[in-house]
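> Mind looking over this structure? Questions follow.
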Amino acid sequence: MIALYLLTYFSILVFFLLVISKIFKYASAPIHVRWELYPVAHEPKRSKYGGSYYEEAEWWKTKNKKNHLAELWAMFEEIIFLKGVFLHNKKLWIFSFPFHLGLYLITGTTALIFLSAILDIFSITNLNVIQSGNEKFLFNLVNITGYAGLALTFIGTIGLLIHRMTDNKFKFYNTPMEFINLFFILILVLSVSLTLIFSNSSFIMSKEFVRNILTFNFIAIPDALFIVHVILISLFLLYFPITRMMHLFAKYFLYHNVRWEDEPNVKGGKLEKKVKEALNFGVSWSAPHIQAGKTWAEVATTLPEKEGK
């Protein structure tokens with residue numbers, strides 16, 4: 001039984017190491033190609049017509065003040081409600097929204113289970129004996145978010161699988177990895193549901209296991225369904241960081257460093273330094289107008305050589 005706990009520790013450790021390394025890679029990546037798309041979230045007053053502070057006369061004489069609350073609100077709308085998907089692909093949003101909302105609720109349930117286990121360790125609450133108001137509230141909250149998350153994720157996963165298999169326009173973007181991801185999540189949802197149906201209708205068993213993990217108390221787990229579920233979760237934690245599901249973290253950099261980045265490239269500034277570094281990168285591909293073996297600075301400042309010369 002100790003092997004189950006060791007697998008859990010290993011998967012959690014690898015998950016965080018890989019996620020942190022990926023985030024560091026995103027944060028330290030070379031300067032992007034600016035999109036020049038407007039409006040940007042930190043200029044809400046100009047958002048109605050897609051304006052920018054660059055339209056002001058002598059804009060370089062005053063420092064642009066960003067509205068960070070507007071950025072947070074835009075992120076909230078996109079993360080929680082998938083606003084971009086709703087505006088541009090409502091057919092996909094119908095299933096993508098419950099899928100993501102369900103995953104958020106499951107993540108929240110997991111956090112609540114860890115919280116209840118920690119409170120139990122310090123004898124603040126005991127969810128095994130529901131007596132006080134706080135215990136009842138936490139117990140009910142875990143069950144509500146847990147069951148709602150499972151139901152929404154199940155509906156969303158089935159809908160997205162059907163959508164990917166039947167939508168001719170969407171088929172072009174399908175890859176085996178996308179189906180593997182969805183089926184893996186579906187299997188996880190089903191494993192939790194079966195455990196709740198046949199073993200324990202609440203999440204107390206999960207809390208007990210988390211408490212054992214936090215206290216290094218390797219007590220045997222008598223329930224086979226729960227053991228299978230823990231193994232599947234551990235495998236998913238190992239699998240997650242090497243898939244496109246990392247867009248969960250990559251989106252922050254996409255929005256702040258690509259879509260909303262509008263810092264001016266002033267002489268002697270940090271941006272100028274990054275641009276110069278990028279121009280010294282080598283060109284690894286060729287075309288009639290681009291020759292390989294040169295730096296981007298050379299390509300940008302010289303005429304392309306004619307073929308045969």
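> Find the residue count for the stretch 172-198, including only residues that are over 19 Å from Gly159 (Cβ atoms) and not hydrophobic (A, V, I, L, M, F, W, C).
The number of residues fulfilling the criteria is 3.
> What about Ser234, is it among the polar types (S, T, N, Q) and in contact with a helix residue (DSSP H, G or I) (Cβ under 7 Å, 6 or more places away or on another chain)?
yes
> Which of the numbered conditions does Tyr9 fail, given that it passes all the others? Conditions: (1) of a type in the set (Phe, Trp, Tyr); (2) modelled with pLDDT of 90 or more; (3) over 20 Å from the mean Cα position of the chain (by Cα); (4) loosely packed, with under 12 Cβ neighbours inside 10 Å.
All conditions are met except number (4).
> Of all residues in the stretch 254-272, how many are in a loop (DSSP other than H, G, I, E, B) and in contact (Cβ under 8 Å) with a residue 12 or more places away in the chain?
5
> Of the residues that make up the stretch 245-252, is at least one within 29 Å of Leu18 (Cβ to Cβ), surrounded by 14 or more Cβ atoms within 10 Å (Cβ to Cβ) and assigned by TED's automatic domain parsing to the domain that holds Gly149?
no
> Report yes if Val275 is over 30 Å from Phe76 (Cα atoms), in contact (Cβ under 8 Å) with a residue 40 or more places away in the chain, touching a Leu at 6+ places or on another chain (Cβ under 9 Å) and assigned to a helix (DSSP H, G or I), otherwise no.
Values: over 30 Å from Phe76 (Cα atoms): yes; in contact (Cβ under 8 Å) with a residue 40 or more places away in the chain: yes; touching a Leu at 6+ places or on another chain (Cβ under 9 Å): no; assigned to a helix (DSSP H, G or I): yes.
In short, no.
> Related question: Is one or more of the residues making up the stretch 288-303 touching a strand residue (DSSP E or B) at 6+ places or on another chain (Cβ under 8 Å), within 21 Å of Ile31 (Cα to Cα), in a loop (DSSP other than H, G, I, E, B) and touching a residue at least 60 places away in the same chain (Cβ under 8 Å)?
no
> Under the condition of being assigned to a loop (DSSP other than H, G, I, E, B) and among the small types (Gly, Ala, Ser), which residue from the stretch 166-206 is farthest from the chain's Cα centre (by Cα)?
Initially, the stretch 166-206 is screened for residues assigned to a loop (DSSP other than H, G, I, E, B), giving 167, 172-175, 199-203.
Add one more test, that the residue is among the small types (Gly, Ala, Ser), and what stays is 199, 201-202.
Working: Ser199: 31, Ser201: 29, Ser202: 28 Å.
It comes out as Ser199.
> Hey, could you check the stretch 214-244 for residues that are closer than 25 Å to Ser21 by Cβ and of a type outside the set (A, V, I, L, M, F, W, C) and say which is farthest from the chain's Cα centre (by Cα)?
Only one residue fits best here, namely Ser234.
> Within the stretch 92-103, identify whether any single residue is over 26 Å from Leu161 (Cα atoms) and either at pLDDT 90 or above or touching a Pro at 6+ places or on another chain (Cβ under 6 Å) (or both), and answer yes or no. Reasoning before the result, please.
As a first pass, look at the stretch 92-103 and keep what is over 26 Å from Leu161 (Cα atoms): none.
No, the stretch 92-103 contains no residue that is over 26 Å from Leu161 (Cα atoms) and either at pLDDT 90 or above or touching a Pro at 6+ places or on another chain (Cβ under 6 Å) (or both).
> Name every residue in the stretch 52-83 that is without any contact (Cβ under 8 Å) to a residue 12 or more places away in the chain and of a type in the set (Lys, Arg), in order of residue number.
Lys61, Lys63, Lys65, Lys83
> What is the number of the single condition among (1) without any contact (Cβ under 8 Å) to a residue 24 or more places away in the chain; (2) surrounded by 12 or more Cβ atoms within 10 Å (Cβ to Cβ); (3) over 17 Å from the mean Cα position of the chain (by Cα); (4) not assigned by TED's automatic domain parsing to the domain that holds Leu150 that Asn89 does not meet?
Going through (1) without any contact (Cβ under 8 Å) to a residue 24 or more places away in the chain; (2) surrounded by 12 or more Cβ atoms within 10 Å (Cβ to Cβ); (3) over 17 Å from the mean Cα position of the chain (by Cα); (4) not assigned by TED's automatic domain parsing to the domain that holds Leu150 one by one, Asn89 breaks only (4).
> For the stretch 56-128, please list each of the helices (runs of 4 or more DSSP H) lying entirely inside it that holds at least 2 residues being in contact with a Ser or Thr (Cβ under 8 Å, 6 or more places away or on another chain).
By residue number, 90-121.
> Assess whether Tyr38 counts as being surrounded by 11 or more Cβ atoms within 10 Å (Cβ to Cβ) and at pLDDT below 95.
It is true that Tyr38 is surrounded by 11 or more Cβ atoms within 10 Å (Cβ to Cβ) and at pLDDT below 95.
> Right, next: Specify which of the listed residues (Leu237, Leu160, Leu152) is within 27 Å of Ser116 (Cβ to Cβ), in the same structural domain as Leu119 (by TED's automatic domain parsing) and not hydroxyl-bearing (Ser, Thr, Tyr).
Just a single option satisfies the conditions, and that option is Leu152.
The values are calculated or read from the model by the stated rules, or taken from the named source; none is laboratory data. Everything quoted here is computed from the prediction, not taken from an experiment. Don't worry about glycine lacking a Cβ; one is built from the backbone with ideal geometry, like all the others, and counts go over all protein chains shown.
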